[in-house]
1. Confirm whether SER267 is under 24 Å from ARG166 (Cα atoms) and modelled with pLDDT of 95 or more.
2. ARG166 passes all but one of (1) touching a residue at least 24 places away in the same chain (Cβ under 8 Å); (2) surrounded by fewer than 16 Cβ atoms within 10 Å (Cβ to Cβ); (3) touching a strand residue (DSSP E or B) at 6+ places or on another chain (Cβ under 6 Å); which number fails?
3. For residues in segment 280-298 being over 15 Å from VAL42 (Cβ atoms) and not charged (D, E, K, R), which is nearest to the chain's Cα centre (by Cα)?
4. Identify the residue in segment 270-301 that is modelled with pLDDT of 90 or more and in contact with a helix residue (DSSP H, G or I) (Cβ under 6 Å, 6 or more places away or on another chain) and, among all such residues, is farthest from LEU15 (Cα to Cα).
5. Need the failing condition index for ILE95 against (1) surrounded by fewer than 16 Cβ atoms within 10 Å (Cβ to Cβ); (2) of a type in the set (Val, Ile, Thr); (3) in contact with an Asp or Glu (Cβ under 7 Å, 6 or more places away or on another chain), just the number.
6. Being closer than 19 Å to PHE49 by Cα and exposed (fewer than 14 other Cβ atoms within 10 Å of the Cβ) is true for just one of TYR114, TYR83, TYR135. Which residue is that?
7. So, in segment 169-189, how many residues would count as being surrounded by fewer than 12 Cβ atoms within 10 Å (Cβ to Cβ) and on the phi < 0 side of the Ramachandran plot?
8. Out of (1) without any contact (Cβ under 8 Å) to a residue 40 or more places away in the chain; (2) of a type in the set (A, V, I, L, M, F, W, C); (3) exposed (fewer than 12 other Cβ atoms within 10 Å of the Cβ), the odd one out for PHE153 is which?
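The values are calculated or read from the model by the stated rules, or taken from the named source; none is laboratory data. For clarity, every value in this text was computed on a predicted model and none was experimentally measured. In this analysis, Cβ positions are derived from the backbone assuming ideal geometry, glycine residues included, and neighbour counts consider all displayed protein chains.
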Amino acid sequence: MAQDVHFSQFNGSLLNLSPGYTGLFNGDYRFGAIYRSQWNAVPVSYSSFSMNGETRYKPDLDKLDALGIGLVFNNDKAGAANYGSTQLYLNTAYIHYLNQDSTMVITGGLNLGYCNVGFDFTKMTFDNQFNGDQYNSTLPSGEKFYRSARNYFDINVGSVFQYTKRNDYRITYALGLHHLSRPVITFQGNDVSKIEIKMTHCISYTKPVKDNTDFIGEALFSLQGKYYEVIPHLALKYYFDKPSNQSIMGGLCWRARDAFILRAAYSFQTFQSGMSYDINYSKFTAASNYRGAFEVFVNYVIKKKPFIPTKKRSCPTAI
């Protein structure tokens with residue numbers, strides 16, 4: 001019932017949660033993509049795709065603080081008329097370390113977007129095109145749309161706070177405020193339909209329970225107008241080799257009043273991937289046949305090798 005693209009694996013699309021995540025990673029560049037295919041048992045399925053690229057650099061090499069810059073592309077299509085949106089966002093964030101050992105960090109981010117929303121009128125059918133005996137596409141629909149597509153600018157802000165207690169636990173809280181410009185999406189030539197401001201809260205807790213096993217607890221709460229989405233997630237992460245970050249993860253999510261979600265992930269060095277499947281149990285099961293959505297995501301971080309200047313020394317002259 002909300003108006004935005006959403007993913008069950010919300011940790012696979014962090015920049016859509018909050019622009020405060022921009023540049024908040026250990027490396028120089030990060031690239032990612034996530035795809036969701038929903039309600040395949042329904043005659044016309046729904047699909048969502050997002051990809052992002054970001055980098056971070058230090059304006060002042062003598063300080064820990066850094067600046068993150070990134071791009072996010074979203075595409076979402078729903079229904080027989082291909083109603084959907086295409087979005088391109090520019091993200092920026094300032095990353096401030098609250099102490100010298102980098103265990104406590106806070107960020108502030110801004111997200112500016114140019115978006116398009118619309119549908120294909122030619123793929124729609126209407127009651128007036130039924131002549132009493134059969135459907136006739138040449139008959140007038142009786143409907144009048146001022147337009148079938150609309151462009152708009154979007155503004156989002158956000159912040160992330162992260163605290164790490166070495167060899168013990170890490171906790172992260174993210175806040176996102178979306179659509180502060182209240183874009184208009186009506187197709188009737190008026191300003192009646194506006195996108196509601198959305199607020200997202202995301203909290204993540206990671207704690208080692210054994211030498212090679214971590215416990216992960218996450219929760220996402222989104223509020224948009226009078227509608228909301230709640231997704232708690234519990235998982236275990238098992239390391240085959242900690243120095244190379246080779247690990248697998250298995251977890252269970254629950255989207256309140258909608259679906260149970262099975263999740264699995266694999267990581268190696270700076271590569272991370274995951275997949276999930278939604279088992280729908282809402283009133284829509286009459287159409288979905290308990291089939292919800294399949295998702296897959298990948299993230300990859302590039303770390304540049306540090307520059308080490310060549311040391312020169314004078315050789316003594318032989319006499």
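1. Working: under 24 Å from ARG166 (Cα atoms): yes; modelled with pLDDT of 95 or more: yes.
Yes, satisfied.
2. (3) is the only condition that ARG166 fails.
3. Among residues in segment 280-298 that are over 15 Å from VAL42 (Cβ atoms) and not charged (D, E, K, R), the one nearest to the chain's Cα centre (by Cα) is PHE297.
4. Taking the candidates together, the pick is GLY274.
5. Only one criterion in (1) surrounded by fewer than 16 Cβ atoms within 10 Å (Cβ to Cβ); (2) of a type in the set (Val, Ile, Thr); (3) in contact with an Asp or Glu (Cβ under 7 Å, 6 or more places away or on another chain) is unmet by ILE95, namely (1).
6. On the way: TYR83 fails: exposed (fewer than 14 other Cβ atoms within 10 Å of the Cβ); TYR135 fails: closer than 19 Å to PHE49 by Cα.
Just one listed residue meets the conditions, TYR114.
7. Let us first name the residues in segment 169-189 that are surrounded by fewer than 12 Cβ atoms within 10 Å (Cβ to Cβ), namely 188-189.
Narrowing the set further to residues that are on the phi < 0 side of the Ramachandran plot leaves 188.
Looking only at that region, the number is 1.
8. (1)
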